[in-house]
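Any read-out appearing in this document is the output of simple, stated calculations on the displayed coordinates, not a laboratory observation. Worth saying up front: this structure is predicted, and the values here are computed from it rather than measured. With ideal geometry, Cβ positions are generated from the backbone for all residues, glycine too; neighbour counts draw on all protein chains shown.
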Amino acid sequence: MARLEIDSIRLAIGENEILKGVSLDIAEGECVSILGPSGCGKTTTLRAIAGFTTPHAGDIRIDERSILELPPHKRNLGLVFQDYALFPHMTVTENIAYGLVMRKASKVDIRQRVDQILELVQLSDLENRFPSEMSGGQRQRVALARALVIHPDVLLLDEPLGALDRKLRDQMQVEFRRIQHEVGITTIFVTHDQEEALSLSDRVAVMLDGQIQEIGAPETLYQSPISHDVMTFLGASNVLTGVIAYDENSNAKVECDGGLVLKVNTTGLKNGERKRLGIRPENFTISSTIDTQVPNSFNGTIEECIYKGAYADVYVRINSGHLINVHYKKQHGGNDHGIAKSGTVVIGSNIFISVHPENILMFT
Amino acid sequence: MFEDKSFRVVVNIAGWLAMVFLVFPVILTVVVSFNGSQFIEFPPTSFSLDWYANISSIHRIGSATLISLGIGLMAAGLATVFAIGAALVLVRYPLPAKPVLTAFLLSPVTLPTVAIGIALIQFFIMLDVAFTWYSLVFGHIVLIVAYPIRTIIASLTLSDTSLEEAASSLGAGRLTVFRTITLPQLRPGLISGFLFAFLISFDNYPISIFLVRGELTTMPIEVFNYISQNLDPTPAAFSTLYIVIVSIVIMLAERRYGIISLAVGK
């Protein structure tokens with residue numbers, strides 16, 4: 001167990017600067033994910049920690065000691081590769097034992113630790129199989145076991161669930177969380193899958209264009225991102241622009257184009273300031289009748305409805321001309337707000353949508 | 001345009017004709033070796049195993065075959081070792097003029113063998129090592145090294161560098177990674193490269209003819225000498241044995257390591 005500090009590392013390949021000063025501080029036993037689109041530099045960051053590439057500036061420290069001078073094989077890190085990188089000419093046991101053999105552990109010790117870790121990842125009955133004889137999920141577990149058995153200071157994972165199909169991913173997510181809690185190891189993983197990042201980590205670092213944009217607990221990052229880019233990257237959002245104006249009771253509101261006026265809760269805003277707003281689709285309520293008690297209620301027509309299983313993505317053209325994305329969930333046995341007939345939303349129906357001022361995110 | 005089906009028929013026929021063209025001389029050799037006649041004739045008139053019994057009458061055939069075997073194993077072994085280094089550099093390291101270097105290393109395949117033979121003997125006379133077994137080995141290496149280079153390049157291109165990274169993250173130093181991860185991955189390329197190199201060395205005539213003298217002669221040279229002085233099918237009997245042994249070796253290697261796909265190149 002160890003603390004990992006990445007201290008403003010920079011890395012360029014030719015003219016192309018890939019890491020533009022990345023800093024990240026990971027506490028003992030913490031699980032942090034680096035989330036970003038492909039090409040944002042997240043894998044390069046991971047490779048720099050592992051020692052496969054060397055930053056041109058900055059430092060990487062484990063427990064206050066710089067590891068930059070150490071070659072990869074002396075860094076004592078556990079790595080899980082995207083395609084698992086299991087040794088095809090070795091059995092499960094030999095794969096897992098590889099790191100222990102390199103550490104010159106005794107035969108008895110190796111046997112014991114391999115058995116122990118096989119039990120942890122629930123693969124005890126497959127110890128003599130070759131990687132080619134196993135399913136993707138099983139290979140994933142072997143890769144995890146191989147990385148964990150050497151008791152690394154830090155566990156690094158590259159798109160750990162990326163190669164698995166949907167159902168297996170969900171299973172492995174639970175499994176991975178269990179193992180991570182049981183072992184309690186400092187973990188850093190990179191992914192482009194926001195669901196994976198939000199569900200697996202204690203903190204998420206959103207990386208865009210070679211820089212960490214924002215870091216925080218999954219909920220905080222999703223519900224109240226500080227940066228506009230992070231908001232649009234994490235989940236769907238309705239983005240509007242408008243100008244701050246105060247009414248006679250000095251309540252803040254934002255006047256958008258098309259005559260759309262939104263009441264907002266935030267204080268300390270300057271009159272006339274231009275702001276970007278973000279509203280998550282799931283924060284809208286949809287109803288067939290207007291509720292005068294609710295602020296920010298708008299009339300509109302349903303233009304499109306895309307069924308997603310747990311909810312439906314409804315697109316509403318409100319009277320100001322904006323097309324708003326709203327999540328619609330049929331209430332179990334309750335009121336369907338009169339907008340749905342036999343479970344489906346009727347395109348073209350006239351409805352009202354509303355959003356609580358608290359749920360309007362504001363950015364410069 | 002061809003109908004899909006008729007096009008396939010044409011390709012099939014062309015393929016089979018080519019096969020017959022390639023295999024026919026081999027079949028002819030085998031058939032002739034069992035013929036009772038004093039001369040090489042087809043179709044055969046009677047059956048006999050006399051020519052097999054007569055193989056020993058080829059001058060020095062036993063010791064010449066042993067020399068060919070020894071030279072072939074040494075040359076192929078060394079060529080494979082050199083080829084590992086060359087292929088690693090060509091595939092893994094950023095080099096200027098890579099295509100030029102690759103072409104240079106593979107050039108013995110495209111040069112006239114006789115020209116290589118003349119060049120080699122002049123070179124060896126200059127170094128005062130002509131007509132020694134080791135100069136013969138090195139002469140053969142020049143000719144055959146292109147084959148293992150090619151198969152090992154193919155293996156290396158197919159191999160996965162993340163395996164090596166995984167091994168080093170688990171605590172293996174560079175040499176250990178090479179020994180425990182890289183080499184096992186290269187096995188099909190090593191084996192097929194070695195085999196091709198050995199076979200080409202083993203039955204090489206045009207280079208060996210320049211490099212041998214007296215007691216140091218190789219199997220193909222003695223067989224050619226015999227043919228030039230006798231007309232009977234004894235060499236056909238010897239060739240049949242040779243074909244059978246080589247076919248078995250290649251079949252085993254293909255079954256175990258899938259060498260043909262590598263030699264052809266993917």
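Tabulated values for the structure
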{"read-out": "Of A:G36, A:G268, A:G259, the one that fluctuates the most in a GNM where chain A has Cα springs shorter than 10 Å", "value": "A:G268"}
{"read-out": "Pairs beyond 32 Å (Cα-Cα), from A:K42/A:K275; A:K42/A:K167; A:K20/A:K74; A:K20/A:K253", "value": "A:K20/A:K253"}
{"read-out": "DSSP bridge orientation in the protein assembly as shown - percent antiparallel, rounded to nearest 5", "value": "80 percent"}
{"read-out": "Residues whose placed amide H lies under 5 Å from that of A:S349, excluding near-sequence neighbours", "value": "A:I302"}
{"read-out": "Residue-averaged [θ]222 nm for chain B, counting only DSSP H segments that reach four residues, each worth -39500 (n - 2.57)", "value": "-23500 deg cm²/dmol"}
{"read-out": "Cα coordinate range in the protein assembly as shown, projected on the principal axes (Å, largest first)", "value": "121, 67, 50"}
{"read-out": "Charge dipole (debye, nearest 20) of the protein assembly as shown; +1 at Cβ of Lys and Arg, -1 at Cβ of Asp and Glu", "value": "800 debye"}
{"read-out": "Virtual spin-label span in nm between B:I245 and A:E255, 7 Å along Cα→Cβ", "value": "10.0 nm"}
{"read-out": "At R0 = 51 Å, FRET efficiency that the Cβ-Cβ distance of A:A57 and B:Q122 yields, to 0.05", "value": "0.35"}
{"read-out": "Simple spin-label estimate for A:D247 and B:S37 in nanometres, 7 Å along Cα-Cβ", "value": "11.6 nm"}
{"read-out": "J(HN,Hα) series, the stretch A:217-233, from Karplus relation 6.51 cos²θ - 1.76 cosθ + 1.60, nearest Hz, glycine and proline x", "value": "4, x, 5, 4, 5, 7, 6, 9, x, 7, 9, 4, 5, 5, 4, 6, 6"}
{"read-out": "Amide H partners (placed H, <5 Å) of A:V154, local residues excluded", "value": "A:G78"}
{"read-out": "Sorted largest first, extent of the stretch A:144-244 alpha carbons per principal axis (Å)", "value": "57, 30, 23"}
{"read-out": "Longest exposed-site-free window of chain B, the sites being chymotrypsin sites (Phe, Trp or Tyr not before Pro) in a DSSP loop that have at most 11 other C-beta atoms within 10 Å", "value": "B:40-266"}
{"read-out": "Global size of chain B as Cα Rg and Dmax, reported in angstrom", "value": "22.3, 70"}
{"read-out": "Contour minus Cα-Cα distance for A:A236 and A:Y307 (0.36 nm per residue)", "value": "24.0 nm"}
{"read-out": "Kirkwood Rh and Cα Rg combined as Rg over Rh, evaluated for chain A", "value": "1.07"}
{"read-out": "Along principal axes, Cα extents of the stretch A:238-363, largest first, whole Å", "value": "48, 24, 23"}
{"read-out": "Per-q log10 I(q)/I(0), the stretch A:1-132, q = 0.15, 0.19, 0.20 Å⁻¹ (Debye; single scatterer per alpha-carbon; no solvent)", "value": "-0.88, -1.14, -1.19"}
{"read-out": "B:V26-B:F131 FRET efficiency (beta carbon distance; Förster radius 35 Å; 0.05 resolution)", "value": "0.55"}
{"read-out": "Amide H contacts under 5 Å for A:L68, placed H, 5+ residues apart", "value": "A:I60"}
{"read-out": "Shielding score for A:80-88, defined as the mean number of other chain Cβ atoms within 10 Å", "value": "5"}
{"read-out": "Cβ neighbours within 10 Å from other chains - mean over B:159-167", "value": "6"}
{"read-out": "Average Cα contact separation per residue, the stretch A:4-224, under 8 Å, 6 or more apart, as relative contact order %", "value": "31 percent"}
{"read-out": "R0 of 22 Å, Cβ-Cβ distance A:S132-A:R177: FRET efficiency to nearest 0.05", "value": "0.20"}
{"read-out": "Helix-only CD estimate at 222 nm, as mean residue ellipticity for chain A, using -39500 (n - 2.57) per DSSP H run (n ≥ 4)", "value": "-7000 deg cm²/dmol"}
{"read-out": "For the stretch B:39-174: relative contact order, % (alpha-carbon pairs under 8 angstrom, 6 or more apart)", "value": "36 percent"}
{"read-out": "Residue-wise HN-Hα coupling along the stretch B:217-231, computed from phi with Karplus coefficients 6.51, -1.76, 1.60 (Hz; x: Gly, Pro)", "value": "10, 9, 3, x, 5, 5, 5, 5, 4, 4, 4, 5, 10, 10, 10"}
{"read-out": "Relative contact order (%) - the stretch B:59-264, alpha-carbon pairs under 8 angstrom, separation at least six", "value": "34 percent"}
{"read-out": "Estimated vicinal HN-Hα couplings, Hz - the stretch A:277-285 in sequence order (Karplus 6.51, -1.76, 1.60; Gly, Pro = x)", "value": "10, x, 10, 5, x, 6, 8, 8, 10"}
